[in-house]
Amino acid sequence: MYRSEVPRPFLKWAGGKTQLLPALTACVPERFNAYHEPFLGGGALYFALYRQGKISRAFLSDVNEELIHAYTMVRDHVEAVLAHLKEYPHNEDFYYSLRKKDPATMTAAERAARLIYLNKTCYNGLYRVNRQGRFNVPFGRYKTPRYYDPVNLRAVAQALRNARIEAASFEVVLKNARAGDLVYFDPPYIPVSKTASFTAYTRHGFSMEAQQNLRDVTAELAARGAYVMLSNSHAPATFRIFSHPDFHVYEVYAGRAINSRGHRRGKIKEVIITNFPIAAGKAPLQPVCSKVQ
Ligand SMILES: C[S@@+](CC[C@H](N)C(=O)[O-])C[C@H]1O[C@@H](n2cnc3c(N)ncnc32)[C@H](O)[C@@H]1O
């Protein structure tokens, strides 16, 4: 992806899918009706498909209320959000003073600007909250973070105009998705080892029961005739939980963007699960989407 391409994600998100975009965009069906992304995060696939002109209507949701508030404000009041971002200086004192503020006491536009600013200037771009639900990441050492990016943010606002945006757990998709729609699930991943777990996007975490529930929701959508695509880790539990006669499981290599241990950065095997077959050689990466089951 070239930096000049807009709209692109306006937040850096743990588990962001930018690295996997060539594979994911090549895997989606040629045609579908509405698009649903119930673990929205930075929305990398949504914006990529929008740039390709593939999105007509969309239902976007995430359980993280601060995140969804920011999306809604960017869609409905982008100029008010930009006005705040334009005034914010890039320095450590300002960062900590903004981090300390309680979002509940701020205006709606300030609250959205606060999330964008902290996200773009914090250490490693890692959104993390403590047990009280407060953002607790230290100041990052970026020279020129692009928290004020009017060209992209206005393009994002335009891209969200036909999107219904909701703060809700992923099951909400059952209320909205119909036959012929495309649903992309990008849940917090099943840990590949006991120490590799990263589930602190919200204070709630994402349990194995939640993964099983997600499998059931996926199966129900498939039975309804929706196209379903799901990303997860290449872990034994993924194969166990998501094994289902109607699902296809593909392997894909991803260069991870965020990893707290620098030496572990690099290519990691992940899986893409679909309820429709992907033709051999369709995806451009090597080796992408080889069927393993
Ligand atoms: C792997 S990230 C999604 C990354 C996104 N695809 C991107 O490109 O940035 C997972 C997201 O799931 C959200 N989440 C966690 N539990 C959830 C739940 N029960 N329902 C909906 N979203 C949830 C988190 O807030 C987080 O934004």
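The values are calculated or read from the model by the stated rules, or taken from the named source; none is laboratory data. Just so it is clear, the model here is predicted, and its values are computed rather than measured. Every residue, glycine among them, receives a Cβ derived from its backbone with ideal geometry; neighbour counts consider all protein chains shown.
Restricting attention to region 136-181, the residues being assigned to a strand (DSSP E or B) and at positive phi number 0.
Provide a single number: the residues in region 104-116 that are under 14 Å from residue 73 (Cα atoms) and either among the small types (Gly, Ala, Ser) or in contact (Cβ under 8 Å) with a residue 12 or more places away in the chain (or both). Result for region 104-116: 9. When you look at residue 23, is it within 12 Å of the ligand (Cβ to nearest atom), assigned to a helix (DSSP H, G or I) and closer than 30 Å to residue 268 by Cα, yes or no? It is false that residue 23 is within 12 Å of the ligand (Cβ to nearest atom), assigned to a helix (DSSP H, G or I) and closer than 30 Å to residue 268 by Cα.
Cβ-Cβ contacts under 6 Å between residues 6 or more apart (or on different chains), taken from a first residue in region 35-56 that is aromatic (Phe, Trp, Tyr) to a second residue that is part of a loop (DSSP other than H, G, I, E, B), are listed as 35/55; 39/186; 39/187; 47/7; 47/8; 47/9.
Among the conditions (1) under 22 Å from residue 168 (Cβ atoms); (2) in contact (Cβ under 8 Å) with a residue 12 or more places away in the chain, the only one that residue 92 does not satisfy is (1). The number of residues in region 111-135 that are assigned to a loop (DSSP other than H, G, I, E, B) and at pLDDT 90 or above comes to 0.
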